[in-house]
1. Using heavy-atom solvent-accessible surface (probe 1.4 Å) with all chains present, what is the largest-first order of Glu56, Glu71, Glu183?
2. State in Å² the accessible area per residue of the chain; use a 1.4 Å probe, count heavy atoms of protein chains only, and round to the nearest integer.
3. For the chain, what is the convex hull volume of its Cα atoms per residue in Å³?
4. Using a 1.4 Å probe on the protein chains only, how many percent of the accessible area of the chain belongs to carbon and sulfur?
5. So how do Val74, Val64 rank on accessible area, 1.4 Å probe, biggest first, that is with the largest at the start?
6. Leaving ligands, DNA and RNA out of it, rank Thr47, Thr25 by accessible area with a 1.4 Å probe, largest first.
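The values are calculated or read from the model by the stated rules, or taken from the named source; none is laboratory data. Everything numeric here is computed off the predicted structure, so don't read it as measured data. Ligands, DNA and RNA are stripped out before the accessible areas are found, and what is left, the full protein with its side chains, is counted by its heavy atoms. Shrake-Rupley method; radii C 1.70, N 1.55, O 1.52, S 1.80 Å.
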Amino acid sequence: MTTDWQLVSLDAAPRQPWRNGGGTTRELLAWPPGAPWTVRVSVADVTAPGPFSRFEGIERWFAVLEGAGVELRVGGGAQRLDPGTEALQFSGSAPVDCALVDGPTLDFNLMAAPGLARLRRVQGRWDFRVDGPALVAVYAHARPARLTLLETTLEVPPRHLLWRHRTWRAHGTLAGEGALWLEARTP
């Protein structure tokens, strides 16, 4: 692996308990380093139903990684999510209540300043393009993923986040079953 890419293991990330006792969070990335974050990536173990914490002025993306799934009630609507559905995007200031479908879940969370980021679940092969400065990352959970960017190919082992801050345009391919691609524009 080249030195400009960072590989973070989910299993090595410390668990932080929630204030409401409904689960724990493992932070995989907070950007920029050493400053208040504008992008945060984490994985949550949700063990009990209940409300999510609010994050005013933040957009959130939520994707189920393991378990039977959840039903999120965001504002006035409800959305059922499981390991095969796309990530749900919603306002961090919205009231969100989480009901577990059939037991605990493991869930991926992306939080970012409004309009900066996107999250996509990849099944098979997906071609992407990054225009300008951005934080780019791939999370592989149950199966490995392969990222090809320009002339570099990198393997992402299960339960790992591979990320890098890029300052130029690029295009590439992500191959994997259930891998998550995220990018967030940066100044």
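1. Putting Glu56, Glu71, Glu183 in descending order of accessible area: Glu56, Glu71, Glu183.
2. Details: 8870 Å² over 187 residues.
Ligands and nucleic acids excluded, the result is 47 Å² per residue.
3. 115
4. Numbers: 4520 of 8870 Å².
The C+S portion of the solvent-accessible surface of the chain is 51 percent.
5. If we order Val74, Val64 from most to least accessible, we get Val74, Val64.
6. Values: Thr47 80, Thr25 20 Å².
Correct descending sequence by accessible area is Thr47, Thr25.
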